[in-house]
Amino acid sequence: MARSYYAIIDVGSNTMRLVIYLKDKSGRLREVENVKAVARLRNHLLENGDLSEEGIRILITTLRSFKEVAGSYSLEEMVCVATATIRQAENQETIIRSVSNETGFDMRILSEHEEAYYGYLAVVNSTAVQEGITVDIGGGSTEITYFKGRKLIESHSFPFGALTLKQDFFKKDLPTEEEFYKLRKYLLEEFKSLPWLREKNIPLIGIGGGARNLVQIDQNLKEYPLAGLHQYKMKDSDLSFIKNYLFTLSMKKIQKVEGLSKDRADIILPATEVFHSLYDTVEADGFILSRKGLRDGVFYEQLTKDMGTSVFPDVLEESIHELVSDYDLNIKHISHVQHLAHQLFHQLHAKGLGSLKKNDWLEVKRASYVFNLGDYIDSEASYQHTFYLLANRTIDGLMHMERLRLALLASFKNKTVFKQFLQPYKKWFLKDQRKKLRLLGALLKFCYSLDSTRRHTVQDLNVASHDGVLHITLYCQGEWMPEEYQAEKQKKHLEKSLKRNIELSFVEREVGE
């Protein structure tokens, strides 16, 4: 089967990037190559507004290099887009013509609205956030949007970025206290000029390199045990701490900060202040990183052009289908287990057992899609693989804590292994939350045992309670001995979590019943 590759070149004010995507089995684009060049084109804008000859030379040389890398792939499509610096250059027609003649690329200059829109599109198609403010700080501009119900409501492009703020407010690489105070005052005034930004009490979602570096610094300082940056959440106190921490360091020490790219060392402070000032203006309830940004937004538009809408109906559902496809999971088997798990869960809930709440069912259902998917790699160590794969893979639509909970449920084997997986994250959960997760994992594992041969032999079940003992009647069609063996073996985990003995009765389902 031929592989479909797509490429995009993003000509930014600070950096230029070439990203190659592979269209996977589920139809989503997976990044397979990411080449970055720190061109700092913004520094080559002359006083008359033209991009200098040196700036154009750097642009062309970098694009030629990208073209050579892209040439090793058989591409379905190549897109080249440019943002603030080329947009603001007075000689942009000359630049476009030079790029076309020297490289063959048809460079598209994005408007301020388009740049903001693609950032918004990337966020709503890769997170489950329903209402939020996005911020993408580049070298020469800062794009901000407000969306509600996943629909774009407002957008604005400020004519400043990390490079221009540094140039306009700092005399040297590092600011004095007075310079930093003036920068913050200026930013707060700019943000407060937009009434729709004030006192929103919703997530602030950061896009781009500055936000990514901020999160990487935070994770390194905390020795964060989970992998991945996308959908990582920080608080106001985290932003303040990092800002103050960086402010106390020399440039030499800033360049050595774990998680910070050396080429961003001199612009991380203005970028951090943009996020912090905007956070305060919005009175945000958290700062979330979106690793998906402008480049992804451009391709989301391409992928959905036949759908009538550029916004995916359900981000998490798309991600689950991607996992099912990637690991060749049996959807008929999953659906049948879900049917049995739904009956068992709701009958236990109706009897007030296990402190179950209606919302807990959503977690069980979600985990049922990917239960024990590590079997794809190695059946002997399937639970370890399941936990590792789910805990350390970005799953669009799930925040980090939700992803960890999913991994704990889908990898449930027994109490000992559960506690072993949970150990690095034990402080993240209250005791009752740990108990609940163990119960839900045991319930799911038991229901999978009821379809161990994948013949849908056990068709329905009924739960009754007598004298403190749970009696589960399982209505079958066909020979049930393998299922009975597995269920008797697995029920002990459910018994321990519910603190009840369980008696199983397998019976033939009457015809027409």
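Values quoted throughout were computed directly from the atomic coordinates according to the rules given, and no laboratory measurement underlies them. Every value quoted in this text rests on a predicted model; they were computed, and no experiment measured them. Here the Cβ is made from the backbone with ideal geometry for all residues, glycine too, and neighbour counts use every protein chain on show.
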Report the Cα-based extents of region 335-482 along its three principal axes, largest first, to the nearest Å.
40, 33, 29
Relative contact order for the chain, counting Cα pairs under 8 Å that sit 6 or more residues apart, in percent
11 percent
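Taking only C-alpha pairs under 8 Å that are 6+ residues apart, what is the relative contact order of region 113-292 in percent?
Relative contact order of region 113-292: 28 percent.
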Based on alpha-carbon atoms only, what is the radius of gyration of region 4-109 relative to the globular estimate 2.2 N^0.38 Å?
1.10
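What is the antiparallel percent of DSSP beta bridges lying wholly in the chain, to the nearest 5?
Numbers: 41 of 67 bridges.
Here the antiparallel bridges make up roughly 60 percent for the chain.
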Between region 41-97 and region 337-364, what is the C-alpha centre distance in whole Å?
57 Å
So for region 4-109, averaging the separation of alpha carbon pairs under 8 Å that are six or more residues apart and normalising by length, what relative contact order in percent results?
31 percent
Can you tally the net charge around H385? Count Lys and Arg as +1, Asp and Glu as -1, for every other residue whose Cβ sits under 10 Å from the Cβ of H385.
-3
Report the one residue of L461, F446, Y475 whose Cα lies farthest in the direction of the positive end of the charge dipole of region 431-490 (charges on C-beta: Lys and Arg +1, Asp and Glu -1; origin at the Cα centre).
F446
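About its Cα centre, what dipole magnitude does the chain give when the only charges are +1 on Lys and Arg Cβ and -1 on Asp and Glu Cβ, stated in debye to the nearest 20?
Computed charge dipole of the chain: roughly 1840 debye.
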What span do the alpha-carbon atoms of the chain cover on each of the three principal axes, reported in whole Å from largest to smallest?
87, 52, 40
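Among all helices in the chain defined by DSSP H, which have a length of 24 Å or more along the axis from Cα atoms plus a Kyte-Doolittle mean of at least -1.0?
Within the chain the helices that satisfy the rule are 53-70, 331-350, 431-449.
In region 121-188, what chymotrypsin sites (Phe, Trp or Tyr not before Pro) fall in a loop by DSSP, with at most 10 other Cβ atoms inside 10 Å?
Here no chymotrypsin sites (Phe, Trp or Tyr not before Pro) fit, given the DSSP loop and packing criteria.
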Quick check for me: using +1 on Lys/Arg Cβ and -1 on Asp/Glu Cβ, what's the dipole size of region 266-327 about its Cα centre, in debye to the nearest 20?
220 debye
Along the positive direction of the dipole of the chain (beta-carbon charges: Lys, Arg +1; Asp, Glu -1; about the Cα centre), which of S155, L373, L323 reaches farthest?
L373
Given S98, L226, M251, which one lies farthest toward the positive end of the charge dipole of the chain, if we put +1 on the Cβ of every Lys and Arg and -1 on the Cβ of every Asp and Glu?
L226
